[in-house]
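The next block holds one structure in the form of structure tokens; read it before the comments.
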Amino acid sequence: MEPESVSVVTSKPIYRSEISDAPCAYSLFICEQLSTAFSDLYQSKTVAKRDLVDDGDLESVKDQLVTLLADAPAATLVYLSGTEKYMWLVGEQLKALGVTEDQMVMLPPLNTERSVFCCHCYTVTDHVVTAPATCAGCGKLLAVTDHFAKSHAAYFGYQVNAENATEIPESVELS
Amino acid sequence: MSNQIKVEVASICQVAPTIREFTLEAIDDELYPFSPGAHVVVEMPSAKKIYKNAYSLLSDPADTNRYRIAVRLQETSRGGSIYMHEQVKVGDQLLISPPSNLFSPFWLAKKHLMLAGGVGVTPFMSYIPEMLRRNTDFELHYMYRSLQTGAYKNELSEQLGDKYFGYDSDRHTRCDVTELLSQQPLGTHIYICGPESLIQAVEEAAQTLGLPASVIHSEEFAAPKPGMPFIAEIKSSGKQVEVSAEDSLLEALEASDISVPNLCRGGVCGQCVCTVEEGDIDHRDQYLSDDEKAAGNAIMPCVSRAAGERLVLDI
């Protein structure tokens with residue numbers, strides 16, 4: 001007996017490359033590695049006050065954010081550039097400091113790599129570009145869904161061949 | 001509503017020239033606990049008809065022995081607030097709904113900025129004790145006209161000290177909303193309760209400054225205002241319901257034994273939404289988005305009316 005349909009949760013974020021010129025009193029630009037495009041964006045925004053954080057290390061970004069946002073105004077806007085995982089994990093740090101999601105502008109991620117959360121052993125496997133993917137924690141072969149968890153910056157993964165270990169679906173490239 | 005609570009009016013107190021406070025105590029059972037920002041719907045059986053209006057609970061949520069509400073006598077009252085002011089006496093019994101909350105504080109905020117206009121101070125009366133207990137950062141900015149409103153201003157000023165800011169437009173002190181918002185730190189959530197004009201002014205200032213929409217919260221119960229009479233036709237039965245100038249569409253439907261689920265009866269909660277098949281709508285609610293209003297296929301019958309002579313409802 002085949003199930004009629006599979007429940008499909010799609011929460012894959014949609015990123016836009018065109019940046020609207022929203023008003024703000026302070027803007028903060030955070031990138032994993034500085035690109036010309038991001039540098040140009042930083043230069044082009046004429047705001048009373050702005051800062052640039054060019055740092056791929058999440059721990060040291062956190063320290064800088066605490067200092068930079070200590071006296072920030074309510075009308076703050078944050079621009080983020082980097083891999084999807086970097087942007088959302090920095091996003092979590094920003095939320096803890098009072099920045100809301102509608103104050104964050106995330107640019108299209110630098111690559112199509114996904115982090116995958118294994119629902120069996122809770123390990124997050126990074127740099128996944130094809131599905132199914134082998135879990136770095138338990139070794140199970142995981143289906144990679146479009147169900148994105150913002151706080152983990154990872155997609156939900158579950159064992160694809162739980163009932164028949166010999167059943168291995170064809171590998172497909174993720175977008 | 002079958003789950004109504006029977007309460008007794010324990011005391012009545014004039015708290016401003018046009019505002020009366022009612023203390024309600026339970027008769028049979030205990031009162032339900034409630035959260036800051038909650039309201040109850042009070043049933044007012046006047047000689048003409050039964051009015052049902054939502055009022056914010058202004059007592060401390062930790063006190064479940066009594067509820068307190070404040071009612072402003074509305075100049076354009078259809079009868080609800082007149083009934084509360086002129087008919088209700090100490091010892092009378094009233095039926096109220098259990099509390100529900102559409103205006104809860106966002107507790108993760110770094111700071112709470114409350115903007116009250118006139119009798120709109122009431123939900124903040126239940127916020128403040130809880131915010132004091134949690135030791136959160138907050139400010140109350142209270143705009144009133146001392147010849148009409150301004151209830152609780154002295155006790156709030158005394159209790160809150162430098163967290164309290166009063167503006168009396170009958171004495172020409174006004175709040176510069178744009179200036180106030182521009183001074184707020186990151187992580188501030190803003191709560192507005194008062195007339196539509198205040199809510200609009202704050203929303204516009206926030207948008208101009210670049211404050212995110214997600215930190216702006218507002219509540220305004222619109223008592224249904226009268227309008228032109230019209231006919232509501234029920235698609236399923238073909239029944240024609242006459243809606244008089246004074247009645248709301250929801251009241252007219254209920255009088256014809258057509259029950260529509262409802263909660264706040266003030267255009268806020270969204271429970272009573274009905275699908276409109278034909279006819280133009282005069283939208284007066286806070287619930288539907290501008291796009292939904294423009295689409296013209298949904299109405300909140302508690303406050304909104306037909307813009308023409310006839311509406312066909314798909315219910």
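Let me check against my output: what whole-number percent is the relative contact order of chain A, with C-alpha pairs under 8 Å and at least 6 apart?
20
Give me a single rounded figure for B:211-218: the average over its residues of other chain Cβ atoms within 10 Å of their Cβ.
Across B:211-218, the average partner-chain Cβ count within 10 Å equals 4.
For the range B:200-315, rounded, prolate or oblate, judged on the Cα gyration tensor with a ≥ b ≥ c (square roots of eigenvalues), a/c < 1.5 rounded, else prolate if a/b > b/c? Show your work: numbers first, answer last.
On the way: a/c = 2.31, a/b = 2.11, b/c = 1.09.
Since a/c reaches 1.5 and a/b is larger than b/c, the shape of the range B:200-315 is classed as prolate.
Just to confirm my understanding: which cysteines in the protein assembly as shown have no other cysteine beta carbon less than 4.7 Å from their beta carbon?
Cysteines lacking a close Cβ partner in the protein assembly as shown: A:CYS24, A:CYS31, A:CYS119, B:CYS13, B:CYS175, B:CYS193, B:CYS272, B:CYS274, B:CYS302.
How big is the gap, in Å, between the Cα center of the range A:102-175 and the Cα center of the range B:239-281?
Using only Cα atoms to place each centre, the spacing works out to 49 Å.
How are the alpha carbon pair distances in the protein assembly as shown distributed across 10 Å bins from zero to the largest one, expressed in percent?
4, 16, 21, 21, 19, 14, 6, 1, 0
Give the span of the range A:26-106's Cα atoms along each principal axis, as three whole-Å numbers ordered largest to smallest.
Here the spans come out as 29, 29, 21 Å, largest first.
Could you give me the radius of gyration and the Dmax of the range A:77-150, taking only the C-alpha atoms into account and expressing both in angstrom?
13.9, 41
Specify the angular offset, from 0 to 90 degrees and rounded to the nearest 10, of the alpha carbon long axis of helix B:196-209 from the longest principal axis of the alpha carbons in chain B.
So the inclination is approximately 60 degrees.
In whole angstrom, and with the biggest value first, how far do the Cα coordinates of the range B:5-101 range along each principal axis?
Cα extents, longest axis first: 34, 26, 23 Å.
What list of whole percents do you get for P(r) of the range A:114-173, with Cα-Cα distances grouped in 5 Å bins up to the one holding the largest distance?
Spelled out bin by bin, the range A:114-173 gives 4, 22, 33, 24, 12, 3, 1 percent.
Distance check, please: which entries in B:LYS89/B:LYS153; B:LYS49/B:LYS239; A:LYS150/B:LYS293; B:LYS153/B:LYS293; B:LYS163/B:LYS293 exceed 27 angstrom between their Cα atoms? It would help to have the intermediate numbers written out before the result.
Working: B:LYS89/B:LYS153 25 Å; B:LYS49/B:LYS239 22 Å; A:LYS150/B:LYS293 32 Å; B:LYS153/B:LYS293 38 Å; B:LYS163/B:LYS293 39 Å.
From B:LYS89/B:LYS153; B:LYS49/B:LYS239; A:LYS150/B:LYS293; B:LYS153/B:LYS293; B:LYS163/B:LYS293, over 27 Å: A:LYS150/B:LYS293; B:LYS153/B:LYS293; B:LYS163/B:LYS293.
Relative to the longest principal axis of chain A, what angle (0 to 90°, nearest 10) does the C-alpha long axis of helix A:58-68 take?
Orientation of helix A:58-68: about 30 degrees from the principal axis.
Quick one: Debye curve from the C-alpha atoms of chain A, no solvent, what's log10 I(q)/I(0) at q = 0.09, 0.14, 0.18 Å⁻¹?
-0.38, -0.79, -1.12
Can you give the angle from 0 to 90° between the axis of helix A:84-96 and the longest principal axis of chain A, with both taken from C-alpha atoms, to the nearest 10?
Around 60 degrees separate the two axes.
How much FRET efficiency would the formula 1/(1 + (r/R0)^6) give for A:GLN33 and A:SER11, where r is the Cβ-Cβ distance and R0 is 22 Å, rounded to 0.05?
Efficiency, from the Cβ-Cβ distance: 0.25.
Over the range A:114-173, what is the relative contact order in whole percent, taking alpha-carbon pairs under 8 Å and six or more residues apart?
Answer for the range A:114-173 is 33 percent.
Please compute the average number of Cβ atoms from other chains found within 10 Å of each residue's Cβ in peptide B:184-191.
Taking the mean over all residues of the peptide, I get 5.
I'd like the distance between the alpha-carbon centres of the range B:1-63 and the range A:44-68, rounded to an integer number of Å.
When both Cα centres are located, 51 Å separates them.
Starting from the Kirkwood radius over alpha-carbon pairs of the range B:245-295, derive D by Stokes-Einstein at 4 °C in a medium of 1.567 mPa s and give it in µm² s⁻¹.
The Stokes-Einstein estimate is 107 µm²/s.
Under the rule of at least 5 residues apart or a separate chain, name every residue whose amide H is placed under 5 Å from the amide H of B:LEU102.
For B:LEU102, whose amide H was placed from the backbone, the distant partners under 5 Å are B:HIS39.
Restricting the count to DSSP beta bridges whose residues both fall in chain B, what percent are antiparallel, rounded to a multiple of 5?
60
Viscosity 1.567 mPa s, temperature 4 °C: Stokes-Einstein D of the range B:111-219 from its Kirkwood Cα radius, in µm² per second? Write down the numbers at each step before the final one.
Values: Rh = 14.0 Å.
This corresponds to a translational diffusion coefficient of 92 µm²/s.
Please tell me the relative contact order of chain B in percent, rounded to the nearest whole number, where contacts are Cα pairs under 8 Å and at least six residues apart. The partial results should precede the final answer.
Values: 677 pairs, mean separation 46.3, N = 315.
Relative CO of chain B lands at 15 percent.
Please compute, for the alpha-carbon atoms of chain B, the extent along each of the three principal axes and give them in descending order in Å.
61, 49, 36
If you add up the charges near B:LYS6, with Lys and Arg at +1 and Asp and Glu at -1, over every other residue whose beta carbon is less than 9 angstrom from its beta carbon, what do you get? Provide the component values of the computation, followed by the final result.
On the way: positive: none; negative: B:GLU8, B:ASP28, B:ASP29.
Charge balance in the 9 Å sphere: -3.
Each value in this text was obtained by applying a stated rule to the coordinates, not by laboratory testing. Only a predicted model underlies this, so the values are computations on that prediction, with no experimental measurement involved. No Cβ is skipped: glycine too gets one built from the backbone with ideal geometry, and neighbour counts run over all protein chains shown.
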